[in-house]
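A short reminder: the numbers here are calculations on the coordinates, not readings from a lab. Given the structure is predicted, the values throughout are model-derived calculations rather than measurements. FYI the Cβ positions are ideal-geometry reconstructions off the backbone, even for glycines, and counts take in every protein chain you see.
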Amino acid sequence: MTTPPLVAGVELGGTKCIAILSSGPDQILEEVRVPTTHPDETLPALEAALDGWRGFAAIGVASFGPVSIDPQSGDYGKITSTPKPGWANTDIARRLGARYGVPVGFHSDVVGAAMAEARWGAGQGLRDLAYVTVGTGVGAGLIAQGRPVDGLTHAELGHIKPPRLAGDDWIGACPFHGACVEGLAAGPAIAARTGVKGEMLAADDPAWEMVVDALSHLFATLTLTGVPRRIVLGGGVMVGNPGLLPRLRRATAANLNGYVALPEVAEMDTFIVPAALGGNAGPLGAVVLGTLALDERLRRVA
């Protein structure tokens, strides 16, 4: 049996970054965590860790975004128009590739988590799924035939603007779109509306009705793409509120109203499920991205 190659997986998060040396969830040989401050501090700290590791054949990076994922683009491998101070236009992939001389896989953090859940987690055995994170922001990653659904750039489905519930005229918390899904349902949006963090908000608080409505419209939209055989949910808002999942299943089914008449969708208890990998989904997703980059280089050489 061939031993999978070791990959340095790097998750760049909004508050912290995690790097692991691994070939999968059962073999994490090294791990380091550094705070996400300024790139002049954070990236050298990550590189100092990688400098001491031996034997990795590739690097994968799953990053907060927006990010440039088109290898033909001049800004490929960069964090682009992020509002995070100091990080806009920061080069990541080409910097690491030049330093270590190995293939570098690069994508958004939500797609990285989707890849990990598809390979080892709640989507194991499925080549087509969606992963949605509901935390500081709302992001969605689509996987088809085992690979990210990519085109001009990565999906930003957390920023679609859903229909509003009657009587709800709150402006929303997204600085770009106001009452998009992220502006209505992310952790900071819940706190801005109620004055209470999402994980602390009472399960019977009426604000959850607006959160459920916005997210269920996103889930219905994902279903209507025809791609996911399962929708996997992660992020702090989901983890901190276990009673949210049944409401989301019911609301998504109501929004679809039987239109996608397939057994996979009809069984909402197995169609919309919690993530299985927890905090490891991001860095393990980076490992998958690095593995794909290595496979691509080997195919070109063969």
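Would you please give the residues with an amide H less than 5 Å from that of Thr37, counting only those at least 5 places away or on a separate chain, with H modeled from the backbone geometry?
Thr42
Just to be sure I understand the model, the point goes 7 Å from the Cα along the line to the Cβ. What's the resulting Glu199 to Ile28 distance in nm?
For the pair Glu199/Ile28, the computed spacing is 1.7 nm.
Using 0.36 nm per residue of separation minus the Cα-Cα distance, give me the extension gain between Leu245 and Gln145 in nm, one decimal.
Details: separation 100, 0.36 × 100 = 36.00 nm, distance 2.65 nm.
Length gained between Leu245 and Gln145: 33.3 nm.
Would you mind estimating how fast the chain diffuses translationally, via Stokes-Einstein at 4 °C and 1.567 mPa s with the Kirkwood radius over Cα pairs, in µm²/s?
My calculation gives 66 µm²/s for D.
Give, in nm to one decimal, the length gained when the segment between Ala45 and Arg99 is fully stretched (0.36 nm per residue of separation minus the Cα-Cα distance).
18.1 nm
Counting other beta carbons within 10 Å of each Cβ, put Asp51, Asp150 in order, fewest first.
Numbers: Asp51 11, Asp150 14.
Least to most surrounded, the residues fall as Asp51, Asp150.
Hey, what does the equivalent ellipsoid look like for region 80-178, semi-axes from the Cα gyration tensor as sqrt of 5 times each eigenvalue, largest first, whole Å? Provide the component values of the computation, followed by the final result.
Values: eigenvalues 163, 93, 21 Å².
That gives 29, 22, 10 Å for the three semi-axes.
Over the alpha-carbon set of region 174-291, divide Rg by the Kirkwood Rh and report the Rg/Rh ratio to two decimals.
With Rg and the Kirkwood Rh in hand, the quotient comes to 0.98.
Going by how many other beta carbons lie within 10 Å of each one, how would you line up Val287, Val212, Val61, Val196, fewest first?
Ordered from fewest to most neighbouring Cβ atoms within 10 Å, Val287, Val212, Val61, Val196 come out as Val196, Val212, Val61, Val287.
Going by how many other Cβ atoms sit within 10 Å of their own, how do Ile272, Ile18, Ile28 line up, fewest first?
Ile28, Ile18, Ile272
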